[in-house]
1. Between the range 46-116 and the range 155-184, what is the separation of their alpha carbon centroids in Å?
2. Kindly write out, for the range 57-70 in residue order, the coupling ³J(HN,Hα) from the Karplus curve 6.51 cos²θ - 1.76 cosθ + 1.60 (θ = phi - 60°), rounded to whole Hz, with x marking Gly and Pro.
3. Under the classification rounded if a/c is under 1.5, otherwise prolate if a/b is larger than b/c and oblate if not, where does the range 119-220 fall, given a ≥ b ≥ c as square roots of the Cα gyration tensor eigenvalues?
4. Taking only C-alpha pairs under 8 Å that are 6+ residues apart, what is the relative contact order of the chain in percent?
5. Taking 20 Å as the cut-off for C-alpha to C-alpha distance, list the pairs among Lys201/Lys227; Lys35/Lys240; Lys105/Lys227; Lys61/Lys105 that go past it.
6. With semi-axes √(5λ) of the Cα gyration tensor in Å as the read-out, I listed (1) 35, 20, 18; (2) 50, 20, 15; (3) 38, 21, 18; which label goes with the value calculated from this structure?
7. Tell me, what is the FRET efficiency for Glu237 and Phe209 to the nearest 0.05, using R0 = 51 angstrom and their Cβ-Cβ distance as r?
8. I want the antiparallel fraction of DSSP beta bridges within the chain, as a percent rounded to 5.
Amino acid sequence: MITNNKYLNLLSKLGVFILAIGFLSGCAQNQNNQKSADLVYVNWAEGIAYTNLAKAILEDKMGYEVEITSAGVGPAYTAVAQGDADAFMETWLPVLHADYYEQFKDQITDLGTVYDGTQSGLVVPTYVEIDSISQLNDVADRFNGEITGIDAGAGIMSTTKNVIEEYNLDLELVQSSGPAMTSALQSAYNDEEWIVVTGWKPHWMFGRFDLKFLKQDPDKEIWGTGKIHIMGRQDLENDKPELAQFLSNMYLTDAELADLMVAIETSDENAETVARNWLTENEDVIEDWIPENSEETSM
């Protein structure tokens, strides 16, 4: 028979044991949360490239479980603003995503610039015998009266609509997707047919084809140069400081990003595999991205 003192002592030890188990379980769960990343990107060449690179680094170098999801621009902003994703990898500022940023800026946090020197506008092959947007109406029939666009929610589609109105263009903006646009461009380019597309840098197509941006009139300039930012959910820096720091540290030069994009585009392997191969050959590029003591865990 157990005496009262022995019984209380046993209960006390059992309580400490249960508390310890609970504490360890909680720490394990917390550590798991800290070592996960949910990243959203748009199905554009540059976003595909460096988001898959980020996944490879986080998994192979920092011990994270990473999920990357392709989405339209609007849903991507919404997912981060509502806390359903950790970060949106591709905010183009100050022009293309200005409206989205204004709508969601109080619900997201700017983690910094991943690329500097963006350019967007109407793009044609260099063999096309015009150089400015204001010349388009004179040769609209050579383009079948169409501008080949991408997905409807993209910022470049809304700004192109503004350009059509500003220049009173007799061309219709045709919605498609990034891959469909580049497929149409390649087909036309191979036959030296005239085509005008919504284009942007950085993009692998400028490494594959001889292209030019159509110039804007000084008094009708809508597009300009800018940067690509990574936007995190509002509490990311407190909840997952290491992940936030890593995303803030990410930065690729024009040459580095172009090399990665072309590698992905010209390979038969998937983007993640190519990104991992590129990583092994470019360790020096990413060594400053990884926060100090990133492999250390604490409770």
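FYI, it's all coordinate maths here, none of it is from the lab. As the structure is a prediction and not an experimental result, all values here were calculated from the model. Glycine also receives a Cβ, built like all others from the backbone with ideal geometry; neighbour counts cover every protein chain displayed.
1. 24
2. With the stated coefficients, the range 57-70 comes to 5, 4, 6, 7, 9, 10, x, 8, 9, 10, 10, 10, 10, 8 Hz.
3. Since a/c stays below 1.5, the shape of the range 119-220 is classed as rounded.
4. With pairs under 8 Å counted, the relative contact order is 27 percent.
5. Cα-Cα > 20 Å for Lys61/Lys105; rest within.
6. (2)
7. It comes out at approximately 0.80.
8. Roughly 60 percent of the beta bridges in the chain run antiparallel, per DSSP.
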